[in-house]
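Trainee: Please find one structure pasted underneath; my questions will follow.
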Amino acid sequence: MKNIKAIIFDAYGTLFDVNSAAEKCKDKIGDKWEGFANYWRTTQLEYTWLRSLMKRHKDFWQVTEDSLDKSMKTYQIDSSMRNELLDLYKILSTFKEVPEVLKLLKEKDFKLAILSNGTPALLNELVKSNDLDNLFDDLFSIEEVGIYKPDSKVYDIPIKKYNIKKNEVAFLSANTWDVSGGGNYGYNSIWVNRNNNTFDNLDYVPKHQIKDLSKLLDIL
């Protein structure tokens with residue numbers, strides 16, 4: 001992959017484990033914790049897409065709360081756990097290889113950034129709670145344009161800030177719809193396929209697929 005000037009990461013599911021909040025409560029939730037966590041994430045994403053289509057924007061934290069409320073009702077989770085789960089969502093754990101890979105990339109002098117549905121406050125807290133705040137040049141939030149991924153206005157944000165070409169960006173996401181969104185926009189999208197999933201048919205096939213971020217070093 002040549003002429004890459006910026007490496008841009010999705011946050012949720014790519015750098016940070018979206019299931020880690022529920023996993024930390026698995027003793028209280030029981031065996032259904034993983035199904036509950038996946039349902040919460042799926043509902044959260046569906047709400048972002050539906051709100052974009054309806055032009056009824058709420059920020060990502062409000063969407064996270066709304067989707068949690070539905071998920072807790074569906075899985076009959078005790079309502080007293082709501083605040084605990086929300087607090088844990090603000091400090092999701094990274095996947096294990098993430099800090100070391102980011103440090104190595106920083107040493108290679110790439111522009112490093114996050115491009116996420118998350119609010120600026122959420123992204124700042126995630127990065128600081130995981131001691132990553134000195135590694136990123138920018139934390140880009142969709143709140144700058146008021147619409148969620150995969151709208152092209154979101155993928156425009158780093159291009160305008162860095163004044164670079166679309167094909168000078170390596171964009172990494174674990175979400176197939178986001179990989180397709182960035183790829184159709186013009187990024188060099190790389191799919192972080194942590195769970196051996198099947199890629200969506202959305203008019204884009206990434207040239208590179210990796211199991212985790214450590215494999216990125218072999219591509220660049």
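The values are calculated or read from the model by the stated rules, or taken from the named source; none is laboratory data. Fair warning: this is a prediction, and the values are worked out from it, not measured in the lab. Glycine gets a Cβ as well: all are built from the backbone with ideal geometry, and neighbour counts include every protein chain shown. Surface accessibility is based on the protein's heavy atoms, side chains included, excluding ligands, DNA and RNA. Shrake-Rupley method; radii C 1.70, N 1.55, O 1.52, S 1.80 Å.
Trainee: If you go through region 105-123, how many residues are open to solvent by 60 Å² or more (accessible area, probe 1.4 Å) and of a type outside the set (D, E, K, R)? Don't jump to the end; show me each part of the working.
Mentor: Taking region 105-123 as the starting set, the residues that turn out to be open to solvent by 60 Å² or more (accessible area, probe 1.4 Å) are 106-109, 111, 120-121.
Those still in the list that are of a type outside the set (D, E, K, R) too: 120-121.
The total comes to 2.
Trainee: Tally the residues that are within 23 Å of Phe136 (Cβ to Cβ) and either in contact with a helix residue (DSSP H, G or I) (Cβ under 6 Å, 6 or more places away or on another chain) or at pLDDT below 95 (or both), restricting the search to region 72-97.
Mentor: Here the count works out to 7.
Trainee: If you check Glu107 against the conditions, is it among the charged types (D, E, K, R) and in contact with a Pro (Cβ under 9 Å, 6 or more places away or on another chain)?
Mentor: no
Trainee: Quick check on Asp138: is it more than 15 Å from the chain's Cα centre (by Cα) and either without any contact (Cβ under 8 Å) to a residue 60 or more places away in the chain or surrounded by fewer than 17 Cβ atoms within 10 Å (Cβ to Cβ) (or both)?
Mentor: When the stated conditions are applied, Asp138 does not pass them.
Trainee: Still on this structure, please answer the following. Of all residues in region 54-90, which are free of Cβ contacts under 8 Å to residues at least 60 places away in the same chain, under 20 Å from the mean Cα position of the chain (by Cα) and open to solvent by 70 Å² or more (accessible area, probe 1.4 Å)?
Mentor: The answer is Gln62, Asp87.
Trainee: Could I ask something else about it? Among (1) under 14 Å from the mean Cα position of the chain (by Cα); (2) at pLDDT below 95; (3) not basic (Lys, Arg), there is one condition Thr48 misses while meeting the rest; what is its number?
Mentor: Only one criterion is unmet by Thr48, namely (2).
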